[in-house]
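Data block below; observations after.
The values are calculated or read from the model by the stated rules, or taken from the named source; none is laboratory data. What you are looking at is a predicted structure, and each value in this text was computed from that prediction instead of being measured. All Cβ positions, even for glycine, are placed from backbone atoms using ideal geometry, and neighbour counts span all protein chains on display. For accessibility, only protein heavy atoms count, side chains too; no ligands or nucleic acids. Shrake-Rupley method; radii C 1.70, N 1.55, O 1.52, S 1.80 Å.
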Amino acid sequence: MFNSQYDSKLDPKGRLVLPAKIKAAIPEANGTSLMLRMAEDKCLALYTMNEYKKLEGQIKSLSINNPEQRMLQRSFFISSVEVELDSAGRLLIPKVYQAYAGLEKEVVVVGMGTRIELWHPEKYQQNIIADPADLSNLMEKYLS
């Protein structure tokens, strides 16, 4: 399980070093391959292969005969790419993915349970609940 947030940096070649705690949470059985996807709210989502295969299974089970479901499948698969962790724990983020998320040098790495999100710092701040009271109210609304 992935949690917490970390400040990280892209190097000039577009490589991101995963924070040690995030890297340690990736199961050894996963190997060095991860799946990177253009995700909601203009962030990138990084999945272990096991978690990605669960999501992929749901997408593949949709009907290719339904135009809306077919478009969902197409859009999902074209927005995903396999990336490899190198021996230094870095992954290369393709330029088109960097552009989609607006990633330049600073990157916020966020553990989201079963996936990791990669954010431009300003976009990240716009997509979280900063006030603990507001968070508490939403937790009461949805978790009660």
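Quick check on the range 33-141: take the gyration tensor over C-alpha atoms, sort the square-rooted eigenvalues as a ≥ b ≥ c, and tell me if it's rounded (a/c under 1.5), prolate or oblate.
oblate
In the Gaussian network model of the chain, springs joining C-alpha atoms below 10 Å, which of Pro132, Pro94, Pro67 carries the largest mean-square fluctuation?
Evaluated over the chain, the most mobile residue of the options is Pro132.
If you build a Gaussian network model of the chain, linking Cα atoms that sit under 10 Å apart, which residue out of Asn30, Asn127, Asn66 swings the most?
Asn66
Quick check: net charge around Lys60, other residues with Cβ under 13 Å of its Cβ, Lys/Arg +1 and Asp/Glu -1?
Neighbourhood net charge equals +3.
So if I take the centroid of the Cα atoms in the range 74-105 and the same for the range 19-52, what is the distance between those two points in Å?
11 Å
Quick check: net charge around Val108, other residues with Cβ under 14 Å of its Cβ, Lys/Arg +1 and Asp/Glu -1?
Local charge sum for Val108: -2.
Work through the residues other than Gly14 whose Cβ is under 14 Å from its Cβ and net out their charges, Lys, Arg +1 and Asp, Glu -1.
That works out to +1.
Over the chain, with a Gaussian network built from C-alpha contacts below 10 Å, which listed residue (Ser63, Ser80, Ser33) shows the highest mean-square fluctuation?
Highest fluctuation of the listed residues: Ser63.
When the accessible area of the range 11-144 is split by element with a 1.4 Å probe, what percent falls to carbon and sulfur?
Here carbon and sulfur together make up 56 percent of the probe-accessible area.
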